[in-house]
Structures are given as structure tokens and as C-alpha cells.
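**Q** Submitted below is the structure of interest, expressed as C-alpha cells.
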Amino acid sequence: LPVKTEPAAAPDAGPSAAGEPAHEVALVNDGGAWKVYDPKKPEQRFAADQAQVNSALGAIGELAAGELIANKAEQHSGLEIDDAHGHHVTIHAADGRKIDVVFGRAVKGGNVTVRAAGGTDVFVAKGRLGALLMKEVGGWRNKSMFDMKPDDIARITTTTASGAHWTLESKTPPAEAAAPDAGPAAAPKPEWALIEPATLPAGVRVYKGPL
């Protein structure tokens, strides 16, 4: 955190009203796979959305303290950054290092406030971390039904309620010979083709080009 200076005038919001009970969330790297859970229910662990985890990890390096806006504990409640209302975040590194901060409500420019846990100085937080971490367990969960990318799919079989069915299959056409001095030829893209039945039901068409 930066060297202490006289704080700018903090918004005089007065004491905050009692909010909802605190929600605790733990994110842990479990052998390379990120899990999310409520610390009160550690046995109920869920796969975390990797994209959201990556965004949060990237935002850790962006976190910086901006303008000092308060330096007295009695000012914390009005900024919702006291122990009763603030968003307490602890980040543990594998080597034992730790970041321990408390985020408060948004102030200038929509940025949230931040202070070191146990400290009294409150700063305008620079970076996305405070906003990205304000989720409950359900907001971190990976809600994908399947762990499969489009390029992994080779065949699709569909059956309607009437019993009619058809199958599409991805096939890679033979590679074309590269022209002299043209460098290596680009790998051909797979194309989807109907393999069963010979014709589709009326009104159904298949796009036979690459996806």
C-alpha cells in the first residue's frame, strides 16, 4: 500500500444498515482443477468455471491502492468496509505468501474501496479484483453439461419423438498437394455429411460445408 498521506474527503454515508448474513466462498486448486465450496460445507465441492477463475487470477496482479480516502476506523462503516460489512478476501500462494484485504462499497468512478485486513487506511482500489470476487458459490460453479469442444465431436445422432433418426458424421477430406514454392499446404477442415438415413425428413437440411 502507498505511503500514508492526508485522506481525501470520504463520502459521509453514515453507518450502514445491517445486511444479509455473510456468505463464505473458498476457491482451491485441487491438483490442477479448481474447486469451489462453502467452507461450512467442505464436503460439497463443485468444479469451478475455469474462465472466471482465470479472470480472477489475472486481476490479482492488477490490484493497486489509489487515492487514500479514510484513515480512521470509525469511517469504515460508512464505506461498508468495516469487519461487519466488508468483503474479506484472503489469497494464499503455494510458497506461503498471503494477500489479506477487505473490499468495501464503490465510490469514485465506480471503483470499490480497499484496505489491508486489520488496517485503518482505506484506498480507492485500482483493478477488477474486488468486483470479480463478489460472487457466491453458485456464481463460480462450472455449469457446462459436457467437457467437450466442437473440434472433439466426430458424430451426432438424433432421434425424434416419432422414432425417426438420422446421423451426421464429420469427415476430413484428403489434403491437396501444395503448389511448388508455396510452402506447406493448410490442413483440410472437417466437413459434416449425412450418413443415415439417405434422406432427411421434409423441411430439414444439412449444411455440408465446414463448421
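The values are calculated or read from the model by the stated rules, or taken from the named source; none is laboratory data. Since the model is a prediction, treat every value here as computed from it, not as a measurement. Neighbour counts are summed over all protein chains in view; Cβ atoms, including those assigned to glycine, are modelled from backbone coordinates with ideal geometry. The protein model used for the area step is the full one, side chains on, heavy atoms only, and it has no ligands, DNA or RNA in it. Shrake-Rupley method; radii C 1.70, N 1.55, O 1.52, S 1.80 Å.
**Q** Answer yes if at least one residue in region 91-108 is in a loop (DSSP other than H, G, I, E, B), buried (at least 19 other Cβ atoms within 10 Å of the Cβ), at pLDDT 95 or above and on the phi < 0 side of the Ramachandran plot, and no otherwise.
**A** No, the conditions are met nowhere in region 91-108.
**Q** Go through region 43-65 and count every residue that is open to solvent by less than 60 Å² (accessible area, probe 1.4 Å) and more than 19 Å from the chain's Cα centre (by Cα).
**A** Qualifying residue count for the region: 2.
**Q** Please go through (1) open to solvent by less than 60 Å² (accessible area, probe 1.4 Å); (2) in contact (Cβ under 8 Å) with a residue 40 or more places away in the chain; (3) among the acidic types (Asp, Glu) for GLU169 and return the number of the only condition it doesn't satisfy.
**A** Only one criterion in (1) open to solvent by less than 60 Å² (accessible area, probe 1.4 Å); (2) in contact (Cβ under 8 Å) with a residue 40 or more places away in the chain; (3) among the acidic types (Asp, Glu) is unmet by GLU169, namely (2).
**Q** Looking for something among the aliphatic types (A, V, I, L, M) and open to solvent by 100 Å² or more (accessible area, probe 1.4 Å) - is there at least one such residue anywhere in region 116-132?
**A** no
**Q** With respect to the numbered conditions (1) closer than 26 Å to ARG45 by Cβ; (2) open to solvent by 70 Å² or more (accessible area, probe 1.4 Å); (3) of a type outside the set (Val, Ile, Thr); (4) assigned to a helix (DSSP H, G or I), which one is the sole condition not fulfilled by GLY139?
**A** Checking GLY139 against (1) closer than 26 Å to ARG45 by Cβ; (2) open to solvent by 70 Å² or more (accessible area, probe 1.4 Å); (3) of a type outside the set (Val, Ile, Thr); (4) assigned to a helix (DSSP H, G or I), the one that fails is (2).
**Q** Return yes or no: is THR113 polar (S, T, N, Q), surrounded by fewer than 16 Cβ atoms within 10 Å (Cβ to Cβ) and either within 30 Å of ASN29 (Cβ to Cβ) or free of Cβ contacts under 8 Å to residues at least 40 places away in the same chain (or both)?
**A** Here the answer is no, as THR113 does not meet what is asked.
**Q** Still on this structure: Which one is nearest to GLU24 (Cα to Cα), of the residues in region 66-88 that are among the aliphatic types (A, V, I, L, M) and surrounded by fewer than 19 Cβ atoms within 10 Å (Cβ to Cβ)?
**A** ALA84
**Q** Go through (1) farther than 30 Å from ARG105 by Cα; (2) part of a loop (DSSP other than H, G, I, E, B) and name the single condition ASP151 misses.
**A** The number of the failed condition is (2).
**Q** Something else: Can you confirm whether region 54-65 contains a residue that is over 30 Å from SER144 (Cα atoms) and out of contact with any Phe, Trp or Tyr (no Cβ under 7 Å at 6 or more places or on another chain)?
**A** yes
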